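These notes concern the structure reproduced below.
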Amino acid sequence: MNQPNASVPVTHLAIGGVIAVVVLNLLLRSLVKLGGPLTTLLIATTVAGGMALWFVWRHQRRPQQGERRRLLALYGGILALLYLGLLAMMALQDEPSPMGLLIFGLHYFCYPLMAWLVFARRK
C-alpha cells in the first residue's frame, strides 16, 4: 500500500478528465445526437466518477484535502478556459442572449460541481 503523500501530482488526472469531457461531448452530441442538460449531467458524472476511481486505484487511498483542491481547481479552471473560448466563438457569430448565457453557464458548472460532489470528504 502506498504511503499517503501530499505531493501526489493531480495535473495528469485533471488534464485526462478535461480530455474525457471533450471526447465524450463530441461523441454523444455529434455522433449519437444526444443533447441537453441530461447529457451534460451524464458526462459530468461519468468523468468525475472515473477520475475518482482512477485516483483510488492508482494510489490505494482517497485524495487528501490539498489534492482535492488542486484537482478541482485545475479541472474546473481548464474547462472554464475552454468554455470561455467557446463562448467567444459563439459571440463572434451572434450575440448570445442572457438566457443563452445562463444555460451555457449551467452546462459548465455541472462539471466542477459533479467532481466536487464525487471527491467530497466522506465521514
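The values are calculated or read from the model by the stated rules, or taken from the named source; none is laboratory data. Because the structure is a prediction, the values reported are computed rather than measured. No Cβ is skipped: glycine too gets one built from the backbone with ideal geometry, and neighbour counts run over all protein chains shown.
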Checklist entry - Would segment 30-53 turn up any residue that is free of Cβ contacts under 8 Å to residues at least 40 places away in the same chain, among the charged types (D, E, K, R) and on the phi < 0 side of the Ramachandran plot? => result no
Checklist entry - In the list R62, R122, R70, which residue meets the criterion of being in contact with a Phe, Trp or Tyr (Cβ under 9 Å, 6 or more places away or on another chain), of a type in the set (K, R) and either within 19 Å of H12 (Cβ to Cβ) or touching a residue at least 12 places away in the same chain (Cβ under 8 Å) (or both)? => result R62
Checklist entry - How many residues are without any contact (Cβ under 8 Å) to a residue 40 or more places away in the chain, among the aliphatic types (A, V, I, L, M) and loosely packed, with under 15 Cβ neighbours inside 10 Å if we restrict to segment 5-23? => result 2
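Could you list, in sequence order, all residues of segment 88-106 that are in contact with a Phe, Trp or Tyr (Cβ under 9 Å, 6 or more places away or on another chain) and under 22 Å from V47 (Cα atoms)? Walk me through it before giving the result.
Step one: list which residues in segment 88-106 are in contact with a Phe, Trp or Tyr (Cβ under 9 Å, 6 or more places away or on another chain), which gives 90, 96, 104-105.
Result: F104, G105.
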Item to check | Positions within segment 41-67 being within 16 Å of G16 (Cβ to Cβ), at pLDDT below 95 and either among the basic types (K, R) or touching a Cys at 6+ places or on another chain (Cβ under 6 Å) (or both), in sequence order | outcome: R58
